[in-house]
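The next block holds one structure in the form of structure tokens; read it before the comments.
The numbers here are math on the coordinates, done by the rules we state, and not lab data. Treat the numbers as computed from the prediction; the structure is a model and nothing was measured. All Cβ positions, even for glycine, are placed from backbone atoms using ideal geometry, and neighbour counts span all protein chains on display.
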């Protein structure tokens, strides 16, 4: 992409038309993102460990009643949740399409002799296996997928769960998705960062499409040395609570419950997300 292409870009973008997401499967970007996951100065890539500990405690005690369970963590990142759940007696499987994150998760499980298995892959096409007591898709990842892909993933999760198995979604509120699309465009200079080890100019713009309730974010990275432009795009689908309930019930889930956060109560630091728990309908 050139500067001219940037200037002549289409306005507004069509959701998911310019790519599914930022390419976290790129090896170099994956390595830099792993460092962001491990950083304890922010909650942007992964939550800080203190917050993850609180979430795992709620999952273990409230959802699973402290009973050993087979767990599948979809989009597991570096395995921060699965490793902690395994230490509490659960058998865990994780999948993610970031090679650096999966490599880290596998190494940690081996070093600590944890009952965890990890796979590199895209959850839209991966084989999940079967007989899970809990499937997790957290940190707003559900909203990144187009409605068609989201429905496909729910079908796969349902097939992978044991009878009475649970699904835990941590999803964005409609207000949070809308806010992302209505943020002011911004730019800043970076000496070294997530998108390159060399100086670059970073530009970001967002678009909210109210009819389809979608936000699309565009990210432009302009190399300071060459002027070469990278473009990444990410779209997010917003849902109301009633729409979350409907899509789950339409795909065989029952007993849909909403919680303000992954600690079961209001959490000001996580106000853009809600926790949704549903069970696999008997006979499905």
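Pulled fully out, how much extra length does the chain show between residue 179 and residue 18, if you take 0.36 nm times their separation in residues and subtract their Cα-Cα distance?
Extra length available between residue 179 and residue 18 comes to 55.9 nm.
Just to be sure I understand: with springs between alpha-carbon atoms less than 10 Å apart, which residue in 213, 180, 228 has the highest mean-square fluctuation in the Gaussian network model of the chain?
The residue that fluctuates most here is 228.
May I ask you to sort 101, 65 by Cβ crowding, counting other Cβ atoms within 10 Å and putting the fewest first?
Ascending number of Cβ neighbours within 10 Å: 65, 101.
Calculated FRET efficiency, residue 6 and residue 124, Cβ-Cβ r, R0 30 Å, to nearest 0.05?
Here the calculated transfer efficiency is 0.55.
Return the distance in nm (one decimal) between the two label points of a simple spin-label model at residue 266 and residue 88, each offset 7 Å from Cα along Cα→Cβ.
2.5
For the chain, what relative contact order do you get, as a whole percent, if you take Cα pairs closer than 8 Å and at least 6 residues apart?
Value for the chain: 19 percent.
Could I get the Rg over Rh figure for region 62-197? Both from C-alpha atoms, Rh via Kirkwood, rounded to two places.
1.03
Taking a ≥ b ≥ c as the square roots of the eigenvalues of the Cα gyration tensor of region 87-138, is the shape rounded (a/c under 1.5), prolate (a/b larger than b/c) or oblate?
oblate
Starting with the fewest neighbours, write out 85, 74, 174 ranked by other beta-carbon atoms found within 10 Å of each beta-carbon.
Ordered from fewest to most neighbouring Cβ atoms within 10 Å, 85, 74, 174 come out as 174, 74, 85.
Counting other C-beta atoms within 10 Å, which of 177, 190, 56 has the fewest, and how do the rest follow?
Fewest-to-most ranking of 177, 190, 56: 190, 56, 177.
Report the relative contact order of region 176-261, percent, no decimals, based on alpha-carbon pairs under 8 angstrom and at least 6 residues apart.
It rounds to 22 percent for region 176-261.
What order, most packed first, do the peptides 47-54, 35-42 have when packing is the mean number of other Cβ atoms within 10 Å of each residue?
47-54, 35-42
Measure off 7 Å from each Cα along the Cα-to-Cβ vector at residue 241 and residue 62, then give the distance between these two points in nanometres to one decimal.
1.4
Separation of region 96-114 and region 230-275 by C-alpha centroid, Å?
27
Using a 7 Å offset from the Cα along the Cα-to-Cβ direction at both residue 282 and residue 231, what is the distance between the two label points in nm, to one decimal?
Result for the modelled spin labels: 5.4 nm.
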